[in-house]
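*Asks:* There's a structure below that I have some questions on.
The values are calculated or read from the model by the stated rules, or taken from the named source; none is laboratory data. Since we're looking at a predicted model, the values are computed, not measured. Here Cβ is always computed from backbone atoms with ideal geometry, including for glycine, and neighbour counts include all displayed protein chains.
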Amino acid sequence: MASAPSFPVTRADALARLAQFVPQAGAAYAKGRNFDHGPGQHRAVSRLSAALRRRTISEAEVVRAVLAAHGPEAAASFISEVFWRTYWKGWLEQRPAIWTRYLAGRDAATARLARDPDLAARHRDALTGRTGIDAFDHWIGELAETGYLHNWARMQVASIWIFTLGLPWQLGAAHFLDQLRDGDPASNTLSWRWVAGLHTAGKAYLADAARITAMTDGRFHPRGLATQAIIPGDAPAPLAAPWRTTPAVDPGRPALLWITPEDAGLEQEAALARLPVRAVVACRSDAGTAADAAALDDALARAAAHWNAPVQWINSPAELAAAAQGAGTTQIVTGFVPVGLRADALPAIRAALSAQGCVLAEHLRAWDKAVWPHCRRGFFALKQEIPALLKDLA
Ligand SMILES: Cc1cc2nc3c(=O)[nH]c(=O)nc-3n(C[C@H](O)[C@H](O)[C@H](O)COP(=O)(O)OP(=O)(O)OC[C@H]3O[C@@H](n4cnc5c(N)ncnc54)[C@H](O)[C@@H]3O)c2cc1C
């Protein structure tokens with residue numbers, strides 16, 4: 001079997017990585033998933049997150065492959081982790097104010113850095129891995145070098161950032177979002193909130209030195225870690241409200257397909273398989289990172305083959321209407337754009353398109369439509385539904 005890249009993004013690489021990982025996705029994953037053996041040694045986990053985040057590979061097919069190899073009991077631990085991703089997406093989609101609040105908190109904390117030299121120095125040391133806490137400094141370097149951190153390491157870094165270094169969680173979340181190859185507004189923001197004790201009221205995650213030594217093969221002996229979690233102040237989370245509605249895709253009407261890194265695998269969706277796609281575009285403004293550029297290039301090639309349509313790079317969404325006109329249509333179809341910076345920009349894009357006689361329809365995946373209604377409360381409310389959901393989805 002060809003060896004797959006460590007952190008795949010394109011569909012072919014992600015499928016190769018999945019094939020390599022499947023044999024370990026059962027009991028071995030449940031047993032080994034929390035150990036961090038160091039860079040280049042993350043063999044117990046799938047490392048599929050950068051591809052799943054962009055949907056060059058889908059949750060459904062990953063779960064299907066693991067279920068087929070191990071059955072529901074042995075695969076339960078891995079499947080549950082995949083559902084965590086969907087849970088965070090669905091939870092934030094139904095409480096978008098938490099994202100807005102995070103952005104405001106990040107900006108306020110950034111402004112505080114200019115007024116508080118002590119805070120600014122601690123922040124600088126954290127970002128450059130010069131805190132003197134060996135594990136933390138290593139992980140900050142690993143993140144910068146590889147764009148990846150093991151889940152358990154992310155939890156330790158976030159906890160030390162908040163409770164030992166006394167830094168605002170929003171600055172840590174912003175650093176992760178910027179550096180992670182799988183950076184995702186929902187998984188990242190809500191995981192930081194979970195560690196800080198803001199997701200499950202009053203329940204924070206406190207890193208423990210002895211446990212870090214044990215889970216890293218004795219590589220680290222961190223000193224001076226906080227022994228108490230002082231939970232940052234925050235207003236209660238709003239109640240869940242329905243996610244935003246979008247113009248539905250008209251399956252009989254010619255379409256310009258706009259591919260973004262939010263869903264770079266639309267040809268896998270049965271509901272879109274026979275859409276009369278006249279042309280496919282991606283925006284250079286969406287290809288700011290190497291991973292996004294690779295995912296979009298790959299998605300354009302697959303879409304061109306699937307719909308037998310020409311592809312085109314445009315500079316930005318401002319050129320969508322002209323591209324649609326060039327393709328002889330006024331319907332632009334894209335994958336649902338979940339809460340995050342791209343969704344923040346959408347109302348202005350939609351208004352400009354509408355002024356030019358175009359409609360922007362978003363396709364919500366069957367997986368999201370089925371799972372998100374169960375993401376209104378805690379994860380365990382969703383977990384109970386997983387067996388029933390799998391009957392339909394996988
Ligand atoms: C502070 C913090 C920040 C995080 N930021 C992100 C982020 O920006 N983007 C992101 O994709 N994940 C994030 N996670 C979740 C998790 O760490 C990664 O998804 C996981 O480490 C990716 O590695 P993997 O693909 O090898 O995971 P595996 O263990 O192989 O899991 C398979 C898949 O399940 C999903 N998954 C696994 N664990 C989680 C989890 N705890 N929460 C949500 N989904 C999960 C991912 O899609 C992952 O690819 C964060 C976690 C923490 C604690």
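*Asks:* Regarding the stretch 380-394, can at least one residue be identified that is at pLDDT below 95 and either part of a loop (DSSP other than H, G, I, E, B) or closer than 17 Å to TRP243 by Cα (or both)?
*Replies:* Yes, some residue in the stretch 380-394 is at pLDDT below 95 and either part of a loop (DSSP other than H, G, I, E, B) or closer than 17 Å to TRP243 by Cα (or both).
*Asks:* Residue check: is LEU103 closer than 25 Å to ALA291 by Cβ, away from the ligand (no atom under 13 Å from the Cβ) and surrounded by 15 or more Cβ atoms within 10 Å (Cβ to Cβ)?
*Replies:* On the way: closer than 25 Å to ALA291 by Cβ: yes; away from the ligand (no atom under 13 Å from the Cβ): yes; surrounded by 15 or more Cβ atoms within 10 Å (Cβ to Cβ): yes.
In short, yes.
*Asks:* A follow-up question, please. Residues of the stretch 298-311 being in a helix (DSSP H, G or I) and either without any contact (Cβ under 8 Å) to a residue 24 or more places away in the chain or hydrophobic (A, V, I, L, M, F, W, C) (or both), which ones?
*Replies:* Within the stretch 298-311, the subset in a helix (DSSP H, G or I) is 298-307.
Hits for the stretch 298-311 are ALA299, LEU300, ALA301, ALA303, ALA304, ALA305, TRP307.
*Asks:* Out of contact with any helix residue (DSSP H, G or I) (no Cβ under 7 Å at 6 or more places or on another chain), under 29 Å from GLU59 (Cα atoms) and assigned to a loop (DSSP other than H, G, I, E, B): is that true of THR246 in this structure? Step through it out loud before you land on a result.
*Replies:* Values: out of contact with any helix residue (DSSP H, G or I) (no Cβ under 7 Å at 6 or more places or on another chain): yes; under 29 Å from GLU59 (Cα atoms): yes; assigned to a loop (DSSP other than H, G, I, E, B): yes.
Yes: the conditions hold for THR246.
*Asks:* Looking at the stretch 56-73, is at least one residue aliphatic (A, V, I, L, M), part of a loop (DSSP other than H, G, I, E, B) and within 9 Å of the ligand (Cβ to nearest atom)?
*Replies:* Initially, the stretch 56-73 is screened for residues aliphatic (A, V, I, L, M), giving 57, 60, 62-63, 65-69.
Narrowing further to those that are part of a loop (DSSP other than H, G, I, E, B): 57.
This time we only want the ones that are within 9 Å of the ligand (Cβ to nearest atom), so: none.
No: the stretch 56-73 contains no residue that is aliphatic (A, V, I, L, M), part of a loop (DSSP other than H, G, I, E, B) and within 9 Å of the ligand (Cβ to nearest atom).
*Asks:* Which of the residues spanning the stretch 1-48 are hydroxyl-bearing (Ser, Thr, Tyr) and in a helix (DSSP H, G or I)? Can you show your working first?
*Replies:* To start, the set of residues in the stretch 1-48 that are hydroxyl-bearing (Ser, Thr, Tyr) comprises 3, 6, 10, 29, 46.
Within the stretch 1-48, TYR29 is the sole residue that qualifies.
*Asks:* Could you look through the stretch 312-352, keep only residues that are of a type in the set (S, T, N, Q) and part of a strand (DSSP E or B), and pick out the one that is farthest from ARG54 (Cα to Cα)?
*Replies:* Taking the stretch 312-352 as the starting set, the residues that turn out to be of a type in the set (S, T, N, Q) are 312, 315-316, 325, 329-331, 334.
Remaining after also requiring part of a strand (DSSP E or B): 312, 331, 334.
Details: GLN312: 19, GLN331: 23, THR334: 13 Å.
Result: GLN331.
*Asks:* On the basis of being outside the structural domain of ALA158 (by TED's automatic domain parsing) and either within 30 Å of PRO5 (Cα to Cα) or at pLDDT 95 or above (or both), does ALA196 make the cut? Outline the logic, then answer.
*Replies:* Working: outside the structural domain of ALA158 (by TED's automatic domain parsing): no; either within 30 Å of PRO5 (Cα to Cα) or at pLDDT 95 or above (or both): yes.
For ALA196, the condition - outside the structural domain of ALA158 (by TED's automatic domain parsing) and either within 30 Å of PRO5 (Cα to Cα) or at pLDDT 95 or above (or both) - is not met.
*Asks:* Based on this model, can you work out whether HIS138 counts as more than 24 Å from GLY340 (Cβ to Cβ) and either in a helix (DSSP H, G or I) or not hydroxyl-bearing (Ser, Thr, Tyr) (or both)?
*Replies:* On the way: more than 24 Å from GLY340 (Cβ to Cβ): yes; either in a helix (DSSP H, G or I) or not hydroxyl-bearing (Ser, Thr, Tyr) (or both): yes.
When the stated conditions are applied, HIS138 passes them.
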